[in-house]
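The values are calculated or read from the model by the stated rules, or taken from the named source; none is laboratory data. Every value quoted in this text rests on a predicted model; they were computed, and no experiment measured them. Please note: Cβ atoms are built from the backbone with ideal geometry, for glycine as well, and neighbour counts cover all protein chains shown. Only protein heavy atoms, including side chains, enter the accessible area calculation; ligands, DNA and RNA are left aside. Shrake-Rupley method; radii C 1.70, N 1.55, O 1.52, S 1.80 Å.
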Amino acid sequence: MKITYYGHSCFGVEVNGKHLLFDPFISSNALAKDITVSSIKADYILISHGHEDHIADAISIAKHTGAKVICTFEIHNWLNKNNISNTHPMNIGGKSKFDFGNVKCVVAVHSSSLPDGSYGGNPMGFIIESTQGNFYFAGDTALTYDMKLIGNYRTINFAFLPIGDNFTMGVDNAIIAAEFINCRKIIGMHYDTFGMIKIDKDEAVKKFAQAGSELILFNVGESKELGVRS
Ligand code: NI
Ligand code: MN
């Protein structure tokens with residue numbers, strides 16, 4: 001699976017030839033100023049919750065790509081009101097089959113309001129199951145004991161976890177989350193974008209390594225192939 005980082009918590013992941021885009025927040029992210037939003041490919045856009053830093057470019061990318069947006073029922077309603085009709089509403093605990101694989105929605109401990117102040121439903125994380133491997137995109141969340149259920153549910157080949165602290169879990173709790181989900185290949189997200197979530201990246205990588213896990217940090221715009229069965 002080819003993974004491309006667009007800054008903050010926004011990643012593109014190619015799964016079975018389909019382009020999945022998570023939590024698009026690019027045009028108002030100073031760290032992603034070199035990314036051209038109109039050049040991003042997407043067959044599916046997955047939105048973990050309604051906060052601006054996860055949804056800011058969702059409407060424009062949905063419009064120019066025609067991608068199907070997978071999100072909570074409340075965000076689906078908000079998108080429909082904003083003339084985006086190719087949506088697939090889901091909620092926590094639910095699983096649905098798509099042409100690239102399955103999406104299962106899981107608990108995220110956070111909040112979720114939309115840019116206009118309306119309620120975004122509960123925040124979610126996603127487990128993607130495919131013939132190319134499985135991964136977990138945590139969205140914005142605290143460390144929660146529920147993550148143990150994810151480790152029991154599937155082999156997770158790699159996981160996207162927030163590490164910036166302040167609004168989500170930080171590095172120390174993300175190391176415990178990696179143990180709970182039984183996955184030692186972690187891609188860090190939700191750090192450095194704003195002053196309150198700036199972290200010491202070298203120290204973070206070192207801490208993960210000391211705990212027997214690998215913390216993978218991307219440069220904005222960088223792509224990496226993750227070593228799961230193809
Ligand atoms: Ni948030
Ligand atoms: Mn956020």
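Remarks
- The condition (being open to solvent by 10 Å² or more (accessible area, probe 1.4 Å), over 24 Å from F25 (Cβ atoms) and small (G, A, S)) is satisfied by just one residue among G212, G195: G212.
- Lone unmet requirement of (1) touching a strand residue (DSSP E or B) at 6+ places or on another chain (Cβ under 9 Å); (2) without any contact (Cβ under 8 Å) to a residue 24 or more places away in the chain for V171: (2)
- The residues of the range 86-96 that are open to solvent by 30 Å² or more (accessible area, probe 1.4 Å) and closer than 13 Å to K68 by Cα, listed by number, are N86, H88, P89.
- The range 176-189 residues that are under 19 Å from E203 (Cβ atoms), paired with ones that are in a helix (DSSP H, G or I) and open to solvent by 40 Å² or more (accessible area, probe 1.4 Å) (beta carbon under 6 Å, 6 or more apart): none
- The single condition among (1) touching a helix residue (DSSP H, G or I) at 6+ places or on another chain (Cβ under 7 Å); (2) more than 30 Å from N152 (Cβ to Cβ) that D34 does not satisfy is (1).
- Within the range 29-43, residues that are among the hydroxyl-bearing types (S, T, Y) sit with their Cβ atoms under 7 Å from residues that are open to solvent by 80 Å² or more (accessible area, probe 1.4 Å), at 6+ positions apart or across chains, in these pairs: S38/H64.
- Contact annotation: residue pairs with Cβ atoms under 6 Å, 6 or more positions apart or on different chains, pairing a residue in the range 197-212 that is in a helix (DSSP H, G or I) with a partner that is at pLDDT 95 or above and open to solvent by 60 Å² or more (accessible area, probe 1.4 Å), are I197/N166.
- Pick from the range 137-181, criterion closer than 24 Å to K2 by Cβ and open to solvent by 70 Å² or more (accessible area, probe 1.4 Å), ranking: modelled with the lowest pLDDT: R154
- Residues of the range 45-67 that are open to solvent by 20 Å² or more (accessible area, probe 1.4 Å) and not acidic (D, E): H51, A56, I59, S60, K63, H64, T65, G66.
- Boolean, G66 is within 15 Å of ligand 2 (Cβ to nearest atom), farther than 18 Å from Y5 by Cβ, out of contact with any Asp or Glu (no Cβ under 6 Å at 6 or more places or on another chain) and not polar (S, T, N, Q): no
- Matching residues in the range 160-191 - criterion: being more than 15 Å from ligand 2 (Cβ to nearest atom), in a strand (DSSP E or B) and touching a Gly at 6+ places or on another chain (Cβ under 9 Å): K185
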